[in-house]
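The values are calculated or read from the model by the stated rules, or taken from the named source; none is laboratory data. Computed from a predicted structure; not experimentally measured. Glycine gets a Cβ as well: all are built from the backbone with ideal geometry, and neighbour counts include every protein chain shown. Ligands, DNA and RNA are stripped out before the accessible areas are found, and what is left, the full protein with its side chains, is counted by its heavy atoms. Shrake-Rupley method; radii C 1.70, N 1.55, O 1.52, S 1.80 Å.
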Amino acid sequence: MVKMFSRVLFFLCLTFYFNGCPSIQPAETRFEIMVANQKVAMRLAVTEAEQSKGLMHVSDLPENEGMIFLRETPGQASFWMKNTPKALDIGFFDTSGTLLEVRRMWPYEERITSSTSDQVRFCLEMNHNWFSDKGLKPGEKLDLAALKSAVSRRGFTPAAFGL
């Protein structure tokens with residue numbers, strides 16, 4: 001009986017881990033942050049579960065909305081588009097919030113897209129061509145003060161992400 005209960009509990013935990021639990025999701029899910037002169041409503045991917053899910057199954061993403069992934073240490077960043085029906089561009093930023101490069105990612109592509117830089121701290125997924133349509137190129141800055149505030153409002157320690 002104990003063994004069966006343990007298995008059920010284990011599978012329930014896995015279900016919540018991979019699917020999330022609506023009752024424990026943060027009330028505030030989007031944060032206004034500037035990328036150069038562009039206002040963006042960003043979703044924060046902080047936890048491992050949030051980062052694993054990313055924008056999977058999102059088919060409609062408003063023009064100035066995206067998801068930013070926070071990394072505890074700088075390094076090369078890699079992403080894939082499994083279960084993601086929408087073409088995206090991803091901007092890779094260093095610890096100072098400087099845009100290093102932008103890469104394109106295609107719907108449902110399971111090949112890995114990696115940064116060329118090994119100094120990536122923040123990764124911003126936006127609609128396909130968003131960066132080029134807004135005239136944003138390497139060297140542009142991410143508003144780290146706003147990002148730090150958003151991380152705090154989500155209940156995380158900004159210093160854990162170099163903020």
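Mind listing just one residue for me: the one in region 89-133 that is of a type in the set (K, R) and open to solvent by 50 Å² or more (accessible area, probe 1.4 Å) and, of those, farthest from the chain's Cα centre (by Cα)? Residue satisfying both the conditions and the ranking: R111.
Pairs linking a residue in region 51-73 that is touching a residue at least 24 places away in the same chain (Cβ under 8 Å) to a residue that is buried (at least 17 other Cβ atoms within 10 Å of the Cβ) and of a type in the set (V, I, T), with Cβ atoms under 6 Å and 6 or more positions apart or on different chains, are L55/T84; M56/T84; N64/V40; G66/V40; L70/V46.
Here G75 passes the criteria (1) at pLDDT 95 or above; (2) exposed (fewer than 13 other Cβ atoms within 10 Å of the Cβ) except the one numbered (2).
Checking the stated criteria, T84 turns out to be buried (at least 20 other Cβ atoms within 10 Å of the Cβ) and in contact (Cβ under 8 Å) with a residue 24 or more places away in the chain.
Here's the yes/no breakdown for (1) outside any helix (DSSP H, G or I); (2) buried (at least 17 other Cβ atoms within 10 Å of the Cβ); (3) modelled with pLDDT of 95 or more:
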| site | (1), (2), (3) |
| --- | --- |
| C13 | no, no, no |
| Y17 | no, no, no |
| E28 | yes, no, no |
| L61 | yes, yes, no |
| I68 | yes, yes, yes |
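The residues in region 139-163 that are assigned to a loop (DSSP other than H, G, I, E, B), in contact (Cβ under 8 Å) with a residue 40 or more places away in the chain, at negative phi and not hydrophobic (A, V, I, L, M, F, W, C) can be counted, and the count is 3.
The conditions of being within 18 Å of I33 (Cα to Cα), touching a helix residue (DSSP H, G or I) at 6+ places or on another chain (Cβ under 9 Å), outside any loop (DSSP other than H, G, I, E, B) and not hydroxyl-bearing (S, T, Y) are met by F122.
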